[in-house]
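Quick notes on the structure that follows.
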Amino acid sequence: MNIGFIGLGNMGAPMALNLLNAGHQLTVFDLSAAALATLVDAGATPAASPAAIAKGNPDMIVTMLPAAAHVKSVYLASEGLLNHVRPGVVLLDCSTIDPLTAREVAKAAASHGNPMLDAPVSGGTGGATAGTLTFMVGGTPSDFEHARPVLEAMGKNIVHCGAVGNGQVAKIANNMLLGISMAGVSEAMALGVALGMDASVLAGVINTSSGRCWSSEVYNPFPGVVATAPAARGYSGGFGSDLMLKDLGLATEAARQIGQPVLLGGLAQQLYQSFSTQGNGAMDFSAIINTYRRKASL
Ligand code: NAD
């Protein structure tokens, strides 16, 4: 398949490389010349703008951009995709943005005759490199089936979540819960250790009891409990606190727009906001436990 790919950052570059490795022809664009060069070295054809990608007559276009403003610009600007793409070409946006913007851009695409799917991912840069991402996809069943082979070249779990925008709904609901559960596990682990308990013994009890969750079992924030967790390597790598903060902001903003209460989500957002303001935005999000730990026990 001839695929146009826009947004070759930490996630987009390895995803695009996996499409090349699967035998697809890629035309690529990024504002960063260095990001573009990496893909061109691997065999992709460079393009000078989103319009140039669209005019190259691709079978499908994939975008992986930082936030809603970038998605709007790449799709809706006068030199953006929609003004130049042939009707019928399927558009696949893998960026994490709010569901309402995803639906707004998809509506504009539909009025140009282009089916659009939102397909945000989980799995981080490790999953993007290994081709094991989870894709949460919103769109019609037939568009979903059309995009499935392309998604399967980049991911392992491909989930159809319903109509367009629902991929973003699934993503932000899950990540809001993750932020809340990580704060909860941090609070419980810090309390138990401050009261004199060994962290690994406490985690063992939680993980065979009703407090068990992914944040306690797979990704425990207390150093030394899980050898493969970012806590074991100074909270480097993993999923950055600023990315968690972004997703919590998307969840609380989407909730505000429809008048839905997200009390713990709002609290988690403030926790991560404070953590980020103190200069910790690049640390893995499980480092939030440091806001609970006593200096002597660090
Ligand atoms: P990134 O900042 O590393 O990459 C974004 C790329 O988009 C950059 O190369 C940038 O130059 C390019 N770009 C920005 N505006 C552009 C434009 N107008 N035209 C062309 N290129 C443009 O971001 P990332 O970490 O790759 O994340 C991408 C998306 O994936 C985000 O929405 C993020 O929330 C989501 N996500 C990231 C992770 C992660 O672990 N990094 C995990 C899951 C989801």
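Are any of the residues in the range 27-47 closer than 24 Å to Met136 by Cβ, within 24 Å of the chain's Cα centre (by Cα) and in a helix (DSSP H, G or I)? Within the range 27-47, none of the residues are closer than 24 Å to Met136 by Cβ, within 24 Å of the chain's Cα centre (by Cα) and in a helix (DSSP H, G or I).
Per-residue answers, yes or no, for (1) on the phi > 0 side of the Ramachandran plot; (2) out of contact with any strand residue (DSSP E or B) (no Cβ under 8 Å at 6 or more places or on another chain); (3) within 13 Å of the ligand (Cβ to nearest atom):
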{"site": "Lys107", "(1), (2), (3)": "no, yes, no"}
{"site": "Thr129", "(1), (2), (3)": "no, yes, yes"}
{"site": "Gly162", "(1), (2), (3)": "yes, no, no"}
{"site": "Leu191", "(1), (2), (3)": "no, yes, no"}
{"site": "Leu195", "(1), (2), (3)": "no, yes, no"}
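Among Asn114, Asn157, which is farther than 17 Å from Met64 by Cα and within 14 Å of the ligand (Cβ to nearest atom)?
Numbers: Asn114 fails: within 14 Å of the ligand (Cβ to nearest atom).
Step by step, each of Asn114, Asn157 is checked, and only Asn157 is farther than 17 Å from Met64 by Cα and within 14 Å of the ligand (Cβ to nearest atom).
Is it true that some residue in the range 139-147 is in a loop (DSSP other than H, G, I, E, B), in contact with a strand residue (DSSP E or B) (Cβ under 7 Å, 6 or more places away or on another chain) and among the aromatic types (Phe, Trp, Tyr)? No. Of the helices (runs of 4 or more DSSP H) lying entirely inside the range 194-298, those carrying at least 3 residues that are touching a residue at least 60 places away in the same chain (Cβ under 8 Å) and over 18 Å from the mean Cα position of the chain (by Cα) are 263-275. Counted as qualifying within the range 53-128 are the strands (runs of 3 or more DSSP E) with 2 or more residues that are in the same structural domain as Leu26 (by TED's automatic domain parsing) and in contact (Cβ under 8 Å) with a residue 60 or more places away in the chain, namely 60-63.
Quick one: in the range 1-23, which of the residues that are of a type outside the set (A, V, I, L, M) and within 6 Å of the ligand (Cβ to nearest atom) is surrounded by the fewest Cβ atoms within 10 Å (Cβ to Cβ)? Outline the logic, then answer.
We begin by selecting, within the range 1-23, every residue of a type outside the set (A, V, I, L, M); these are 2, 4-5, 7, 9-10, 12, 14, 18, 21, 23.
Cutting the leftovers down to within 6 Å of the ligand (Cβ to nearest atom) gives us 7, 9-10, 12.
Numbers: Gly7: 26, Gly9: 17, Asn10: 14, Gly12: 24.
So the residue we want is Asn10.
Can you say whether Leu20 is assigned to a helix (DSSP H, G or I) and either touching a Gly at 6+ places or on another chain (Cβ under 6 Å) or at pLDDT below 95 (or both), as far as the supplied structure shows? Criteria met by Leu20. Pairing each residue of the range 19-31 that is without any contact (Cβ under 8 Å) to a residue 60 or more places away in the chain and among the charged types (D, E, K, R) with any residue that is surrounded by fewer than 22 Cβ atoms within 10 Å (Cβ to Cβ) and not in a strand (DSSP E or B), provided the two are 6+ apart or on different chains, yields C-beta distances under 6 Å for Asp30/Leu36. Restricting Ala190, Ala254 to residues that are touching a Lys or Arg at 6+ places or on another chain (Cβ under 8 Å) and buried (at least 18 other Cβ atoms within 10 Å of the Cβ) narrows the list to Ala190.
With respect to being more than 8 Å from the ligand (Cβ to nearest atom), in contact (Cβ under 8 Å) with a residue 24 or more places away in the chain and not aromatic (Phe, Trp, Tyr), Ala34 falls outside the description.
The values are calculated or read from the model by the stated rules, or taken from the named source; none is laboratory data. These numbers come from a predicted model, not from an experiment. Because the Cβ atoms are built from the backbone with ideal geometry, glycine has one as well, and the counts that use them run over all protein chains shown.
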